[in-house]
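Everything on this sheet refers to the single structure shown next.
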């Protein structure tokens with residue numbers, strides 16, 4: 001079953017396709033959620049009411065990945081390098097559980113600023 005979510009701010013609305021992980025299943029069950037955005041380099045993250053541990057957690061991601069950050073209980077959108085990245089790689093602050101991929105141009109998220117409201121919902 002394909003599960004699509006909408007990620008919505010005042011400036012951007014984009015869909016993402018969830019993978020078949022347990023973490024993605026848990027995320028799907030708590031939707032909709034809303035919070036305010038924090039940015040860290042070319043990453044957006046925000047708190048979600050989900051508490052789960054690492055699941056095949058990775059320390060490098062790709063542009064367009066969406067993930068759950070167990071250490072901070074946050075949803076993350078990766079659209080470029082973070083402050084701890086080096087050339088040719090994108091590194092989160094600590095390992096994340098990949099939950100899906102964006103459908104659309106990930107670079108559009110560069111227009112979103114700290115403090116903007118963001119909503120995740122089932123599409």
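The values are calculated or read from the model by the stated rules, or taken from the named source; none is laboratory data. In this text the structure is predicted, and so the values were computed from the model without any measurement. When we count neighbours, we look across all protein chains shown, and the Cβ atoms used for this are built from the backbone with ideal geometry, even at glycine.
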The residue that is surrounded by the fewest Cβ atoms within 10 Å (Cβ to Cβ), considering only those in the range 1-48 that are in contact with a helix residue (DSSP H, G or I) (Cβ under 6 Å, 6 or more places away or on another chain) and not in a strand (DSSP E or B), is 11
In the set 15, 11, the lone residue that is at pLDDT below 95 and closer than 16 Å to residue 120 by Cβ is 11
From the option list 88, 80, single residue qualifying as under 13 Å from the mean Cα position of the chain (by Cα) and assigned to a loop (DSSP other than H, G, I, E, B) is 80
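Here's a check for you: in the range 50-59, which residue that is part of a loop (DSSP other than H, G, I, E, B) and in contact (Cβ under 8 Å) with a residue 24 or more places away in the chain is surrounded by the fewest Cβ atoms within 10 Å (Cβ to Cβ)?
The extreme case among them is 56.
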